[in-house]
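Visitor: There's a structure below that I have some questions on.
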Amino acid sequence: MNRLGQWIGGRLARWLSGQAHTCSSSPATDMNLLARALQPGDVLLVEGSTRISTAIKYLTQSTWSHAALYVGDTLGRQAKDGTPLCFVEADIVEGVRAVGFSVFAGAHCRICRPVRLTDDDRRRLIDHACARIGHHYDLKNVVDLVRYLVPTPPVPQGWRRSMLALGSGDPTRAICSTLIAQCFQAVRYPILPHVSSRSIDSPECPGCRAEVLKIRHHSLFVPRDFDVSPYFEVVKPTLAAGFDYRRAEWAESDGGTEEGAV
């Protein structure tokens, strides 16, 4: 981008990162429970409330508008308030950065965990993410996104994903989901690959077929893909903490409709 384009992109980025007047029916996630449930290598999905979150949720038809990678204590750094910087994310204004739990306070979140990821690959995954701290956000993608905000157009569902893949293609620039997709692709862990099959040439298994995975380009991934992926386990902090419905304390009925009643 030239200087004018960078200036316009920066102004748009700051505007898009502003809070939008949105309502969520989902409760905020308890950060203490979240911290106890997370493991290094987990993907944290976030229901954002900024203007860019509105665009991403519309285009992906999903609750989730942002994704961050939990890296634990790998960085050994702390925020100004003394809390550890334990996530790597791509921020629209500041680019790829390390943040702590306070950034997600008050938001509805979900943990998506890669299953049976080896310790070596987990370390490579985290190192790959940490090495990208300081890279820029893809401002060309910001310019593309802003067209779908005011007013929100009736875009056919089949075209929406491609509208999030209009970035610059510069490897030093990223958006949140493409950053994390690149990290998992670096260790060949599948997210939502193209799946085909081939015949197995074996007399012990006539007619058998093997599943073949073909990688998708990282620019085509959006936050919801980690939620719907068959290779990631959804971890809910309340259940991971040992929830027991028999110990739940219920308020006395005030004559209104009880939970679960129709």
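A short reminder: the numbers here are calculations on the coordinates, not readings from a lab. Remember, predicted model here, so these are calculated numbers, not experimental data. FYI the Cβ positions are ideal-geometry reconstructions off the backbone, even for glycines, and counts take in every protein chain you see.
Visitor: May I ask you to compute the full-extension gain from ALA240 to THR118, defined as 0.36 nm times their residue separation minus their alpha-carbon distance, rounded to one decimal in nm?
Guide: Contour length minus the Cα-Cα distance gives 41.8 nm.
Visitor: Want the number for ARG188 to ALA105: 0.36 nm per residue separation, take away the alpha-carbon distance, what's left?
Guide: 26.7 nm
Visitor: In addition: Could you tell me the calculated FRET efficiency between ALA35 and ALA251, based on Cβ-Cβ distance and R0 = 25 angstrom, to the nearest 0.05?
Guide: Efficiency at R0 = 25 Å is approximately 0.35.
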